[in-house]
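Please treat every number below as a calculation from the coordinates, not as lab data. Since the structure is predicted, the reported quantities are computational estimates derived from the model, not experimental observations. Every residue, glycine as well, gets a Cβ built from its backbone with ideal geometry; the counts of neighbours run over all protein chains shown.
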Amino acid sequence: MLPETSVAREAFRFLPSSPCFTLERLGNTRESLIHQLRAGDPRALARVISAVENRTPGWSELLKTLFPHTGHARILGMTGAPGAGKSTLVDQLARHYRKEDRTVGIIAVDPTSPYTGGAILGDRIRMQEHFCDPGIYIRSMATRGSLGGLARATADVTTVLDASGRDLIMIETVGVGQDEIDVVRVADITVVILVPGMGDDVQTIKAGIMEIADIFVINKSDREGAERVEREIRALQSLATRSDRWTPPIVKTIASEGKGIAELAAAIANYESYLQKENLALKRSVQNWQERLIEMLRDAFLEKARAQMSDGEMLRYAAEIAEHRRDPYTLIEQIVENSEPM
């Protein structure tokens, strides 16, 4: 089995724009590649993820074949403002789960490089101690302009990791603040990470990521202001009751020292048990898939409509609208009406 450093280099050899990165170049049939992935080959896993993330011809067939093998991994969404210590917390939580002999997949959604369009890879650098552990697979993904803190293909990469047999998958979002809510459509459990003393008072972010939390973490809790953050969270919780009647616990951690990690893992396990006990796991999955299906339909229709229009047509339409010779609303209606049915 290759060390993860080799896997990382192999996975990033081909840039998203590379025309030579095709499934045929991998030297495997789709069935053989999937068999290797299911057998735990990290090289096959890296290549399938690259194919899916870059939308290489044949990527959708890969996902169709892999989907029946999914549904076994627990997916954790780790979100919060920049500087909250998400990467360190994910690193420590991965260590905890590995001690329990559970396999882990980590998707670190990094900011996009303005020059290459790729991920900055900051999170992978911070987690480099795990590279030689075959039980942990780390993948950095660029947002590529996606809103909500998640790359467009993140959900599909999660499917690949699930099919590869990982017990847990942690998605660490890029950290863009209130808009960082898309993770809830992918994750089974969402952990919102806050930190005292950064000016991000709970009151200022409650309209964004506060409502999606299944568990709150106050990281760097040895700092002044941790008690105030906890009081503000509890005050907000007293104002509304969740539809599932779960009250998100508040866990204090000092991730840099490994403190509070066991308590966080226990809180995650408690919520898993609650979902099963109240028969809420399937209901939540249905809700998540309803949102994702709408998103997938939107993307599919957009790609189909865009494929029917040349760059020259798009430029001409834009010029006509900019010069007020045409209104965009009528144009969109016409494009939708003239689009061929799927």
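Taking a sphere under 15 Å around the Cβ of Arg326 and counting the other residues whose Cβ falls inside, with K and R at +1 and D and E at -1, yields a net charge of -3.
Quick one: net charge around Asp244, please, counting Lys, Arg +1 and Asp, Glu -1 for every other residue with C-beta under 15 Å from its C-beta. Each step should come with its number before you reach the end.
Numbers: positive: Arg242, Arg245, Lys277, Lys283, Arg284; negative: Asp188, Glu211, Asp214, Glu272, Glu278.
Net of charged neighbours comes to 0.
When each of Asp188, Asp41, Asp91 is scored by the number of other beta-carbon atoms lying within 10 Å, the sequence from fewest to most is Asp41, Asp188, Asp91.
In this rough spin-label picture, where each label sits 7 Å from Cα along the Cβ direction, the Glu232-Thr65 distance is 5.1 nm. For the stretch 240-257, 3J(HN,Hα) computed residue by residue from phi via the Karplus equation (6.51, -1.76, 1.60; θ = phi - 60°) reads 8, 10, 5, 5, 8, 6, 8, 9, x, x, 10, 10, 9, 9, 10, 4, 4, 10 Hz, glycine and proline entered as x.
Each residue of the stretch 81-93 was assigned a 3J(HN,Hα) from its phi angle through the Karplus curve 6.51 cos²θ - 1.76 cosθ + 1.60 (θ = phi - 60°); the sequence is 5, x, x, 7, x, 4, 4, 5, 5, 4, 4, 5, 5 Hz, with glycine and proline shown as x. Looking at the stretch 228-304, the GluC sites (Glu not before Pro) that sit in a DSSP loop and have at most 12 other Cβ atoms within 10 Å of their own Cβ are Glu278. For the stretch 208-266, trypsin sites (Lys or Arg not before Pro) are listed when DSSP marks them as loop and at most 16 other Cβ atoms sit within 10 Å of their Cβ; the list is Arg223, Arg242, Arg245. Annotation: amide H of Val251 within the under-5 Å range of Phe216, Val217, Ile218, sequence separation 5 or more or interchain, hydrogens built in the peptide plane. Across the stretch 41-50, computed HN-Hα scalar couplings (Karplus, 6.51 cos²θ - 1.76 cosθ + 1.60, θ = phi - 60°) run 6, x, 5, 5, 4, 4, 6, 5, 4, 4 Hz from first to last residue, x flagging Gly and Pro.
Excluding residues fewer than 8 places away in the same chain, name every one of the lysines whose C-alpha is closer than 21 Å to that of Lys86. The reachable lysines, counting only those whose Cα sits under 21 Å from Lys86, are Lys99, Lys206, Lys220, Lys252, Lys259. Let's test this: bin the Cα-Cα distances of the stretch 283-338 at 5 Å from zero up to the farthest pair and state each bin's percent. Values per bin, smallest distances first: 4, 16, 18, 20, 13, 10, 8, 6, 4, 1.
Full extension of the chain between Tyr329 and Ala305 yields a length gain of 7.1 nm, computed as 0.36 nm times the residue separation minus the alpha carbon distance. Subtracting the Cα-Cα distance of Leu315 and Ala39 from their residue separation scaled by 0.36 nm leaves 94.5 nm.
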